[in-house]
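The block underneath contains the structure these notes are about, expressed in structure tokens.
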Amino acid sequence: MSSAVTSDGRRQRRSGGEQPVVPRAELTSYYGLPVLNAPVWKRTDIAGYLFLGGLAGASSVLAAGAQLSGRPQLATRSKVVATGAVGLGAVALVHDLGRPSRFANMLRVLKPSSPMSVGSWLLSAYGPAAGVAAATSVTGRFHRLGAAATAGAALLGPLVSTYTAALVSDTAVPAWHDGYRELPFVFAGSSATAAGGAGLLAAPVAQSAPARRLASIGAAVEFAAARRMERRLGMVAEPYRQGSAGRYMRAGRGLTAAGLALAFAGRRSRLLSAVAGAALAAASASTRVGIFEAGMQSANDPRYTVEPQRERKLARDGRAAPAAR
């Protein structure tokens with residue numbers, strides 16, 4: 001038999017070896033400061049860039065499909081949306097960088113291991129292709145050049161829509177880094193929802209069926225991937241449900257449900273289709289802001305950095321223990 005003194009001064013008798021009597025230490029950090037330095041990215045610029053890049057890339061895919069299926073107005077307007085979105089996204093990125101020369105400097109070398117480097121080259125190739133596709137479609141001239149540019153933009157579009165997931169996952173921010181498996185699918189689904197919404201908003205009702213289908217598929221992919229990510233991450237997924245990030249994520253899900261309901265209820269109504277499209281685009285934007293905010297919240301709270309590390313260490317020690325005996 002052994003005994004120990006508890007925190008209130010009483011002796012406690014136990015049998016069978018030493019037992020810890022010190023309570024589990026609460027997690028703190030020096031002077032209450034975060035363990036990580038949160039990214040210095042501006043919310044308006046970078047969250048907007050995440051949304052606009054996704055909208056642009058998926059809109060190019062929708063435009064190519066609409067052109068192949070004989071829906072010229074949906075194709076043209078989706079190309080214009082793609083060009084406008086990638087242009088505004090580039091402006092937001094350069095504004096966050098501080099000056100245009102910093103973006104140009106990223107093109108001096110191509111580093112396949114760097115999502116930022118790969119993304120810079122992707123944008124430099126995709127932007128002109130999307131612009132040429134839109135210009136030739138609006139003017140009705142240079143059809144062969146326009147077809148080649150449309151195909152090129154459609155091929156690069158999925159990469160433009162999802163490379164930003166790799167970009168944020170490549171940081172040490174817990175809510176982003178630990179979600180590296182599912183975030184590309186969340187971004188892909190959110191991008192498709194945004195592009196489908198823009199198509200519903202811009203195209204005639206008679207040509208809007210592909211946009212409606214794309215939004216539906218995107219919403220399903222985003223929902224499934226986000227749910228899987230939250231289950232897998234455990235406590236690191238808390239920022240996606242709490243605080244400002246949680247509010248944005250819930251707003252995104254609510255707007256998606258409302259937009260899809262209106263899209264199918266108003267298949268013959270121009271007004272309802274436009275309202276549905278606006279709701280779906282807003283849902284995608286809200287989701288991107290929520291993801292951005294969740295990352296910042298997880299970086300500012302040391303629990304999300306230290307506790308998963310502690311759990312992984314305990315798991316490694318537990319697996320190693322039998323081999324040591």
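The values are calculated or read from the model by the stated rules, or taken from the named source; none is laboratory data. Worth saying up front: this structure is predicted, and the values here are computed from it rather than measured. Please note: Cβ atoms are built from the backbone with ideal geometry, for glycine as well, and neighbour counts cover all protein chains shown.
Is it true that some residue in region 252-274 is touching a helix residue (DSSP H, G or I) at 6+ places or on another chain (Cβ under 7 Å), touching a residue at least 60 places away in the same chain (Cβ under 8 Å), surrounded by fewer than 24 Cβ atoms within 10 Å (Cβ to Cβ) and among the aliphatic types (A, V, I, L, M)? The answer is yes; a qualifying residue exists. Are there any pairs, at least 6 apart or on different chains, whose C-beta atoms fall under 8 Å, with the first in region 282-294 and farther than 16 Å from residue 85 by Cβ and assigned to a helix (DSSP H, G or I) and the second modelled with pLDDT under 95 and β-branched (Val, Ile, Thr), and if so, which? If the second residue must be modelled with pLDDT under 95 and β-branched (Val, Ile, Thr), the pairs left are 291/168; 292/46.
With respect to residue 198, determine if the residue is among the small types (Gly, Ala, Ser) and over 23 Å from residue 301 (Cβ atoms). The answer is yes for residue 198. Flag not set for residue 226, criterion: more than 14 Å from residue 276 (Cβ to Cβ) and out of contact with any helix residue (DSSP H, G or I) (no Cβ under 8 Å at 6 or more places or on another chain).
Applying the condition of being in contact (Cβ under 8 Å) with a residue 40 or more places away in the chain and surrounded by fewer than 17 Cβ atoms within 10 Å (Cβ to Cβ) to region 74-95 and asking which residue is nearest to residue 206 (Cα to Cα) yields 87. Tell me yes or no: at least one residue of region 141-160 is more than 20 Å from the chain's Cα centre (by Cα) and either on the phi > 0 side of the Ramachandran plot or hydroxyl-bearing (Ser, Thr, Tyr) (or both). Yes, the conditions are met somewhere in region 141-160. Among the residues making up region 282-313, none is within 19 Å of residue 164 (Cβ to Cβ) and modelled with pLDDT under 85. Just wondering, is there one or more residues in region 103-119 that are aromatic (Phe, Trp, Tyr) and surrounded by 15 or more Cβ atoms within 10 Å (Cβ to Cβ)? The answer is yes, given that some residue of region 103-119 is aromatic (Phe, Trp, Tyr) and surrounded by 15 or more Cβ atoms within 10 Å (Cβ to Cβ). Do any residues in region 164-180 that are of a type in the set (S, T, N, Q) have Cβ atoms under 6 Å from those of residues that are in a loop (DSSP other than H, G, I, E, B), where the two are at least six apart or on different chains, and which pairs are they? From residues that are of a type in the set (S, T, N, Q), the pairs are 169/180. Criterion applied to 101, 113 was being over 30 Å from residue 248 (Cβ atoms), outside any helix (DSSP H, G or I) and of a type in the set (S, T, N, Q), and the one residue passing it is 113.
Listed here are the residues, each with its yes/no results for (1) buried (at least 24 other Cβ atoms within 10 Å of the Cβ); (2) modelled with pLDDT of 95 or more.
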position: 158; (1), (2): no, yes
position: 171; (1), (2): no, no
position: 182; (1), (2): no, yes
position: 190; (1), (2): yes, yes
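Looking at the structure I just gave you, is residue 117 of a type in the set (Gly, Ala, Ser) and touching a residue at least 12 places away in the same chain (Cβ under 8 Å)? Judged against the criteria, residue 117 is not a match. Could you list, in sequence order, the residues of region 222-233 that are surrounded by fewer than 18 Cβ atoms within 10 Å (Cβ to Cβ) and either among the β-branched types (Val, Ile, Thr) or in contact (Cβ under 8 Å) with a residue 40 or more places away in the chain (or both)? Across region 222-233, the qualifying residues are 228, 232. In region 200-212, the residues that are of a type in the set (Val, Ile, Thr) reach residues that are in a helix (DSSP H, G or I) with C-beta atoms within less than 7 angstrom, at least six apart or across chains, in these pairs: 205/270; 205/273.
If the requirement is being assigned to a helix (DSSP H, G or I) and closer than 19 Å to residue 50 by Cβ, which of these qualifies: 238, 222? Walk me through how you get there before you give the answer.
On the way: 238 fails: closer than 19 Å to residue 50 by Cβ.
It is 222.
Please verify whether region 187-206 includes one or more residues that are part of a helix (DSSP H, G or I), over 28 Å from residue 123 (Cα atoms) and of a type in the set (S, T, N, Q). No, region 187-206 contains no residue that is part of a helix (DSSP H, G or I), over 28 Å from residue 123 (Cα atoms) and of a type in the set (S, T, N, Q). Here 94, 86 are screened, and the one residue that is at pLDDT below 95 and either in a helix (DSSP H, G or I) or over 22 Å from the mean Cα position of the chain (by Cα) (or both) is 94.
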